[in-house]
1. Which one of these does Ala129 not meet: (1) part of a loop (DSSP other than H, G, I, E, B); (2) within 13 Å of the chain's Cα centre (by Cα); (3) crowded, with 18+ Cβ neighbours inside 10 Å; (4) touching a residue at least 40 places away in the same chain (Cβ under 8 Å)?
2. Given the conditions (1) in a strand (DSSP E or B); (2) under 21 Å from Ile154 (Cβ atoms), which single one is not true for Arg331?
3. Just wondering, is there one or more residues in the stretch 178-185 that are part of a helix (DSSP H, G or I), β-branched (Val, Ile, Thr) and closer than 23 Å to Phe228 by Cα?
4. For the structure I just gave you, tell me whether Glu194 is assigned to a helix (DSSP H, G or I) and surrounded by fewer than 17 Cβ atoms within 10 Å (Cβ to Cβ).
5. Can you find a residue in the stretch 248-256 that is at pLDDT below 95 and charged (D, E, K, R)?
6. Tell me, which residue of the stretch 235-276 that is in a loop (DSSP other than H, G, I, E, B) and among the small types (Gly, Ala, Ser) is farthest from Thr305 (Cα to Cα)?
7. Go through the stretch 84-98 residue by residue and tally those that are within 15 Å of Glu37 (Cα to Cα) and of a type in the set (D, E, K, R).
Amino acid sequence: MDKNFKQQYVEILHSYLKEQKEDHLYAVGQLGKWMLEDFLPPEEIVGFHLAGLKEWIEDLPVDVNLSFDVLIEIMVRYGIAYREHEMLVTRQQELESEIEVAVGMQQTLLPDGAPDFPGLDIGTISVPAHRMSGDYYNFVLHEDGTLGVALSDIIGKGIPAALCMSMIKYAMDGLDEESPSPSEILRHINAVVERNVDSSMFITMVYGLYNEQTHRFRYATAGHEPGFYYCAAEKRFYDMTTRGLVLGVSRHVHYQEYSLDLAPGDAIILFSDGVTECRIDEQFLGRDRLREILENHLDSTAQETVDATFQYLYEKANYELRDDQTILMLRRL
């Protein structure tokens with residue numbers, strides 16, 4: 001395409017002043033698109049117009065000529081603002097692209113779904129409040145046949161949370177010893193976090209191990225929201241005992257270990273604080289109300305229970321999440 005924009009503009013202007021055809025307006029509209037693609041400053045276009053008028057009108061009135069000085073000055077300011085806007089739009093698109101990459105990376109760090117494990121009915125749901133989540137969960141099949149269950153809440157969002165999530169995952173992937181201890185696993189992850197994560201970020205975590213031979217669930221926590229133990233024989237929920245400092249505060253921390261023996265029908269329910277802190281009618285849901293909701297769905301499978309619980313909260317919160325929500329349920333068959 002000939003890029004002599006001034007000549008083309010003046011020719012179209014003269015043709016329109018002579019014949020006033022719609023084709024001329026269409027042509028100048030197309031020319032305008034090409035000018036935008038070349039980032040032509042608006043003050044230059046005004047200059048083209050003034051030059052065309054001077055050629056068309058031999059004695060252009062002085063007042064009209066001077067008025068273009070005002071218009072050109074305004075267009076200079078507009079052009080600067082427009083170019084700054086275009087730069088911001090370009091940068092925003094670059095950030096969106098980077099975030100999409102981070103979202104994709106984060107998804108690869110999470111399990112595709114609940115694993116099949118002998119003697120257990122497992123349900124999982126994890127929904128971010130925004131595009132990226134600060135909740136992380138994982139299942140690890142250890143060499144001794146025990147199933148590891150991890151749930152972590154990274155106090156933060158976005159790309160920093162995704163990076164922390166990847167660090168925790170790969171720290172866990174290296175723990176495949178035959179007889180892992182939940183307290184030792186948390187101690188190891190804590191040392192990794194303490195060395196590599198900024199002190200302004202806080203990470204809570206619970207790690208548990210289920211042994212299908214003994215039906216014992218051993219666990220340790222690092223400042224995480226206490227889960228529930230459901231006793232089927234008593235049809236009653238109990239708060240799981242928890243104690244432990246959040247990850248990364250101090251390298252020399254001992255995480256106390258606890259255990260629960262599961263009878264048929266018993267369940268362990270773990271969740272992030274975004275669940276209990278879900279706001280319904282401007283009030284936090286709380287643990288008591290969560291127990292009631294879970295109890296209403298215990299006749300279903302573990303997956304159906306966690307799905308129905310989340311759906312209830314989502315509807316009652318007017319389909320607006322203020323924090324990430326994750327619920328894990330393990331029930332002995």
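1. (3)
2. Answer for Arg331: the failing condition is (2).
3. For the stretch 178-185, residues part of a helix (DSSP H, G or I), β-branched (Val, Ile, Thr) and closer than 23 Å to Phe228 by Cα: present.
4. Working: assigned to a helix (DSSP H, G or I): yes; surrounded by fewer than 17 Cβ atoms within 10 Å (Cβ to Cβ): yes.
Against the criterion (assigned to a helix (DSSP H, G or I) and surrounded by fewer than 17 Cβ atoms within 10 Å (Cβ to Cβ)), Glu194 qualifies.
5. Checked the stretch 248-256: at least one residue is at pLDDT below 95 and charged (D, E, K, R).
6. From the stretch 235-276, those in a loop (DSSP other than H, G, I, E, B) are 235, 240-246, 248-257, 262-266, 272; that's our starting set.
From the residues that got through so far, the ones that are among the small types (Gly, Ala, Ser) too are 244, 248, 250, 263, 265, 272.
Details: Gly244: 29, Gly248: 33, Ser250: 37, Ala263: 19, Gly265: 14, Ser272: 16 Å.
Checking each candidate, the answer is Ser250.
7. 1
Each row is one residue, and each column tells you yes or no for (1) crowded, with 18+ Cβ neighbours inside 10 Å; (2) closer than 30 Å to His188 by Cβ; (3) among the charged types (D, E, K, R).
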{"site": "Asp239", "(1), (2), (3)": "no, yes, yes"}
{"site": "Val249", "(1), (2), (3)": "no, yes, no"}
{"site": "Ala263", "(1), (2), (3)": "no, no, no"}
{"site": "Arg279", "(1), (2), (3)": "no, no, yes"}
{"site": "Glu304", "(1), (2), (3)": "no, no, yes"}
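The values are calculated or read from the model by the stated rules, or taken from the named source; none is laboratory data. Being a predicted model, the structure only gives us computed values, none of them experimental. Note: ideal-geometry Cβ built from the backbone for every residue, glycine included; neighbour counts use all protein chains shown.
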